[in-house]
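A.B. asks: Encoded as C-alpha cells, here's the structure I'll be asking about.
The values are calculated or read from the model by the stated rules, or taken from the named source; none is laboratory data. Here the structure is a predicted model, which is why all the values come from computation and not from measurement. Positions of Cβ are generated from backbone atoms using ideal geometry, with glycine treated the same way; all protein chains shown enter the neighbour counts. Remember, those area values only see protein heavy atoms, side chains included, never the ligands or the DNA or RNA. Shrake-Rupley method; radii C 1.70, N 1.55, O 1.52, S 1.80 Å.
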Amino acid sequence: MIVLWKGLGIAAPSAGFSMLFLAWLFSLGILLPASRAGAAEAPAQITLEQALSEALDRNPTLSVERREIDIAKGTRRQAGIYPFNPEIEAEGGAGRARDRVEADERRGINTQSVGISQTIWLKGQRGLRVRGAEAGVLRAQSLVEDAERQVVADTLKTYSDLLVSQERVSLAREILGVVRQVQDAAQKLFEGDAVPQLDVFRSEVEVRKAENRLVVEERTLAVAQRELALLIGRAVEQSLRAVAPTPVLAQPQGDIDALRNQAFARRPDLNAARAAVQAGQAEVDLVKAERFFPELKVGLKYEAARDFDAVSQSGLLTLSVPLPLFNRRDGDLDRARAEVTRHEAQVELARRRIEKEVSTAVQQVAASRQIVGRYVESILPQQERNFRLLREAYAIGEIRITDVFVGQREFIGDREAYLEAVGALNAATAELYRAVNARP
C-alpha cells in the first residue's frame, strides 16, 4: 500500500485510512479476495444422451411448436359438435276492430304464436368435418415430430462442435507447452554459446503466437457452449463440457437402401404431407355434399287468435330447404380439388427430397470417414514422430531452430486439419441422422 501511494507521488496515509480505502475498493469490485479472484466455476459435464433428452424436454422452439397440437385438437373437438342450435320464435299482436252489424261497437282482437325449429344436416357433413379435423391433428403431430427431428440433429451438430472445440483448446495448450519447451532449449543452447540469441527471440515470438491461438480457441469454445445451452434450454451463461470417449459421433448402421427405407417409414414431414392430402380429400367430399340440398330446417308452431267472439287455435309443421339455383359452390370444389393435387405433389416432392438427403449424407459420411481414418492411421503418428525427432535434434544442436519451426507448423497444420475433418464427419453424421429421423 505504501508503494502504491509513493508511486503516485503522495505521502503515505495513515493505517486507518488505508483500511477504509481498501474496503472501498472491495465494495466497488475493483479488488477481489484472493480466494474469489482465482476461483473459476467448473464447467457442468453433460453427455450426448443428456443433451438430447434436455433438448426434447426444454427446447424453446419445441415449446412453441407443441402448442399447435392443442390448437388442432380444439378444431377437432369443435368439428364434432353440432353447429346448429334450436331456434325459438314468438309472435303476438293486439288491436281493435269495428263490428259490421253494430258499427258503433268496437271490440278487441289479438293473436299469439310460438314455435321451435331445428336445422338438420342431410349429407353427413358432421362426419366429413370430423374426418378433416382428425387429419389436421395428425398433421400437427407430424409437424411437431418433424421439429423434434430438426432439434435432435441440431443438438448432435452443436454437441459435436463443442467436442471439437474442446479438442482444439487441448491442442492449443499442447502446442503452447511444446513451444515453451523449444524456448527453454533455445535459452540453454544460447547460454552454452551453441546458438545465437536470435533463436531465443524467435522462440519467444512463437510462444506469443501460441498464447494468442489459445485465447482464440477458448473464445470459440465459449460460443459453442452457449449454442448448446440455448438448444437444451439451459442458461446461456452456464459453462458446459461435453463428455464422450471420442470426438467422433457414432454413425447409423445399414446400407443406403436400408437407410432410405428407414427414412420413408420414419420421416414425419412425409407423414404430414400425407395427412394434408387426407384433410384436403375430406374438404372435397364436404363441398360435394353441400352442393345440393345439404340441410333441412324443420319447425313446429302453435298459433292462437281471438277475433270478436271467435277463438281459434292451430298447430303447424314447417319445412325449409335451400334451393341450389345460384350458388352451387363450383369455385369451392375447384379450389378443394386443386389443393388435393398440390398436397399430392408435395408428398412426391418430400419422397424425392428424402432420397436426395439420404444419398448425399451417406456419401459425405463415407468420404469423411476415409479422410479421418487416414489421419488417425498414418498422418498424425508420422507427424508426431517427425516433430519429436526435430525437437530432440535441436536440443543437442544438430539442426537450426528454423527447421523446428517448419516442422512445428506442419505438425499444427495436420492436427488442425484432422480436427476439421472430424468436424466435417460429425456434421455429415448429424445430417444422416436428420435424414433418417434417428439418433445415436
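Yes or no, residue by residue, for (1) basic (Lys, Arg); (2) touching a Leu at 6+ places or on another chain (Cβ under 9 Å); (3) in a helix (DSSP H, G or I); (4) in contact (Cβ under 8 Å) with a residue 60 or more places away in the chain:
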residue: Ile109; (1), (2), (3), (4): no, no, no, yes
residue: Gly115; (1), (2), (3), (4): no, yes, no, yes
residue: Arg131; (1), (2), (3), (4): yes, yes, yes, yes
residue: Gly136; (1), (2), (3), (4): no, no, yes, yes
residue: Val144; (1), (2), (3), (4): no, yes, yes, yes
residue: Gln150; (1), (2), (3), (4): no, no, yes, yes
residue: Asp154; (1), (2), (3), (4): no, yes, yes, yes
residue: Val169; (1), (2), (3), (4): no, yes, yes, no
residue: Arg173; (1), (2), (3), (4): yes, yes, yes, no
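A.B. asks: Related question: Name every residue in the range 381-401 that is without any contact (Cβ under 8 Å) to a residue 24 or more places away in the chain and part of a helix (DSSP H, G or I), in order of residue number.
C.D. replies: Correct list: Pro381, Gln382, Arg385, Arg388, Leu389, Leu390, Glu392, Ala393.
A.B. asks: Would you point out the residue of the range 397-432, among those that are aromatic (Phe, Trp, Tyr) and farther than 17 Å from Ala367 by Cβ, that is farthest from the chain's Cα centre (by Cα)?
C.D. replies: Only one residue fits best here, namely Phe405.
Every residue, every condition in (1) open to solvent by less than 80 Å² (accessible area, probe 1.4 Å); (2) outside any helix (DSSP H, G or I); (3) farther than 19 Å from Ala430 by Cβ, yes or no:
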{"site": "Ala210", "(1), (2), (3)": "yes, no, yes"}
{"site": "Arg219", "(1), (2), (3)": "no, no, yes"}
{"site": "Glu237", "(1), (2), (3)": "no, yes, yes"}
{"site": "Gly254", "(1), (2), (3)": "yes, yes, no"}
{"site": "Ala272", "(1), (2), (3)": "yes, no, yes"}
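A.B. asks: Scan the range 189-213 and report the pairs whose first residue is free of Cβ contacts under 8 Å to residues at least 12 places away in the same chain and whose second residue is open to solvent by less than 20 Å² (accessible area, probe 1.4 Å) and not aliphatic (A, V, I, L, M), with Cβ atoms within less than 9 Å and a gap of 6+ or a chain change.
C.D. replies: Phe190/Asp199
Listed here are the residues, each with its yes/no results for (1) in contact with a Leu (Cβ under 7 Å, 6 or more places away or on another chain); (2) of a type in the set (D, E, K, R).
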| residue | (1), (2) |
| --- | --- |
| Glu295 | yes, yes |
| Leu317 | yes, no |
| Asp332 | no, yes |
| Ala336 | no, no |
| Leu349 | no, no |
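A.B. asks: Considering each residue of the range 364-389, count those that are open to solvent by 50 Å² or more (accessible area, probe 1.4 Å) and under 30 Å from Phe190 (Cβ atoms), and give that number.
C.D. replies: 5
A.B. asks: Which ones in the range 221-235 are in a helix (DSSP H, G or I) and either among the β-branched types (Val, Ile, Thr) or open to solvent by 70 Å² or more (accessible area, probe 1.4 Å) (or both)?
C.D. replies: Result: Val223, Arg226, Glu227, Leu230.
A.B. asks: List pairs: first in the range 303-332 and touching a residue at least 12 places away in the same chain (Cβ under 8 Å) and open to solvent by less than 80 Å² (accessible area, probe 1.4 Å), second β-branched (Val, Ile, Thr) and not in a strand (DSSP E or B), Cβ under 6 Å, 6+ apart or cross-chain?
C.D. replies: Arg329/Val287; Asp332/Val287
A.B. asks: Return yes when Ala263 is in a loop (DSSP other than H, G, I, E, B), in contact (Cβ under 8 Å) with a residue 12 or more places away in the chain and within 31 Å of the chain's Cα centre (by Cα) and no when it is not.
C.D. replies: It is false that Ala263 is in a loop (DSSP other than H, G, I, E, B), in contact (Cβ under 8 Å) with a residue 12 or more places away in the chain and within 31 Å of the chain's Cα centre (by Cα).
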